[in-house]
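Notes follow the structure.
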Protein chains: 2
Amino acid sequence: MSSLHFSVVGQSVTPTKFVAQARQFEVVIDEPPVLGGQDDAANPVEYILAGYAGCLNVVGHLVAKELGIHLRKLSIRIEGDINPARFLGQPTEERAGYKSLQVHLLPETDEGPELLQKWLQIVEARCPVNDNLRFPTPISITLPLTSRVYPN
Amino acid sequence: MSSLHFSVVGQSVTPTKFVAQARQFEVVIDEPPVLGGQDDAANPVEYILAGYAGCLNVVGHLVAKELGIHLRKLSIRIEGDINPARFLGQPTEERAGYKSLQVHLLPETDEGPELLQKWLQIVEARCPVNDNLRFPTPISITLPLTSRVYPN
């Protein structure tokens, strides 16, 4: 399989609400009132955690199948703290994003801890979102010289 | 404002479908058939792009307001390529996640390119998701010794 191309395109509805299209799917994003929004949907940094959990789920099941692990269910909790000072433009030494992330995996299976530790190591190494959050990713941001919006 | 805590918790519905809760919001994640799913929702790496776009939208409007830029609308497209070889467990030199990300911002405004370039620099520096994707983030992944699921 060659490289897969993924994209989203979307527009602001309010200063905090954004509607993104990913193929045929619509993803609505907003902020809670404490961050200036109307709480119409999960917020940007929550979607990052949700995507990460969804990725660990897919890779978790794929690797379990390869190792002969019968995974009846996989529960995942991911959490992290953000100091909003930089986001708000206040003086701070802290970074803008999550300072760290804590992932808690709860596989429902009869396997013992040794095989599950091996499973976890392989899952970590092969999960795309884990890679992009844990390690740097080159990003280019472009701005057109003329101001316009994308055609729908 | 002190640090803000964010979390998601969820469970697998199928090997590719995952339902995450972020506060009162449900985020459903699946994979397209080419990646083994039933295409019930956007996939994990698309949610990463959507969260990133939503974050740039919020910070973009916040910084525009500070700079006196009247932003009538902000359109955002984000795209990237993933080689699925590592995800699939095939031998490869390529990383698991997005090799790079291309972000295209299209602000609908009457401001000229000079002020918009200044706006962009500040937005990049203050966007939490930009920070977590562009720079490394410490991650801990834990596995319980006993296999169980989270209580709902």
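Name every residue in segment B:69-85 that is touching a helix residue (DSSP H, G or I) at 6+ places or on another chain (Cβ under 7 Å) and more than 7 Å from chain A (Cβ to nearest Cβ), in order of residue number.
B:ILE69, B:LEU71
If you scan segment A:31-50, which residues turn out to be more than 7 Å from every other protein chain (Cβ to nearest Cβ) and free of Cβ contacts under 8 Å to residues at least 12 places away in the same chain?
Residues satisfying the conditions are A:PRO32, A:PRO33, A:VAL34, A:ASP39.
Just wondering, is there one or more residues in segment A:5-15 that are assigned to a loop (DSSP other than H, G, I, E, B), surrounded by 18 or more Cβ atoms within 10 Å (Cβ to Cβ) and facing another protein chain (nearest Cβ under 8 Å)?
yes
Give me the pairs, please: first residue somewhere in segment A:128-142 and touching a residue at least 60 places away in the same chain (Cβ under 8 Å) and within 7 Å of chain B (Cβ to nearest Cβ), second residue anywhere and in a loop (DSSP other than H, G, I, E, B) and surrounded by 18 or more Cβ atoms within 10 Å (Cβ to Cβ), beta-carbon distance under 6 Å, and either six or more positions apart or on two chains.
Cβ pairs passing all conditions: A:PRO128/B:PHE87; A:PRO128/B:ALA96; A:PRO128/B:GLY97; A:LEU133/B:THR137.
Touching a residue at least 60 places away in the same chain (Cβ under 8 Å) and within 27 Å of A:ALA85 (Cα to Cα) - does that describe any residue in segment B:71-92?
Checking segment B:71-92: not a single residue is touching a residue at least 60 places away in the same chain (Cβ under 8 Å) and within 27 Å of A:ALA85 (Cα to Cα).
Give the residues of segment B:68-84 that are surrounded by fewer than 16 Cβ atoms within 10 Å (Cβ to Cβ) and small (Gly, Ala, Ser), sorted by residue number.
B:GLY68, the sole residue that qualifies.
Taking B:VAL27 as the residue in question, decide whether it is part of a helix (DSSP H, G or I), under 30 Å from B:ALA85 (Cβ atoms), not assigned by TED's automatic domain parsing to the domain that holds B:VAL103 and not acidic (Asp, Glu).
no
Can you tell me which residue among B:ALA64, B:ALA53 is at the interface with chain A (Cβ under 7 Å from one of its Cβ atoms) and hydrophobic (A, V, I, L, M, F, W, C)?
None of the other options fit; the residue is B:ALA53.
Filter segment B:90-127 for residues that are more than 24 Å from B:GLY68 (Cα to Cα) and at the interface with chain A (Cβ under 7 Å from one of its Cβ atoms) and give the result.
Residues satisfying the conditions are B:ARG95, B:ALA96, B:GLY97, B:TYR98, B:SER100, B:LEU101, B:GLN102.
One residue is enough: does segment A:49-66 have a residue meeting the conditions surrounded by fewer than 18 Cβ atoms within 10 Å (Cβ to Cβ) and at pLDDT 95 or above?
The answer is yes; a qualifying residue exists.
Answer yes or no: is there a residue in segment A:87-94 that is of a type in the set (A, V, I, L, M) and over 19 Å from B:ASP131 (Cα atoms).
No, because not a single residue in segment A:87-94 is of a type in the set (A, V, I, L, M) and over 19 Å from B:ASP131 (Cα atoms).
So, A:THR109, is that one farther than 23 Å from B:ALA50 by Cβ and free of Cβ contacts under 8 Å to residues at least 40 places away in the same chain or not?
no
The values are calculated or read from the model by the stated rules, or taken from the named source; none is laboratory data. From a predicted model like this one, the values you see are computed outputs, not experimental measurements. Every residue, glycine as well, gets a Cβ built from its backbone with ideal geometry; the counts of neighbours run over all protein chains shown.
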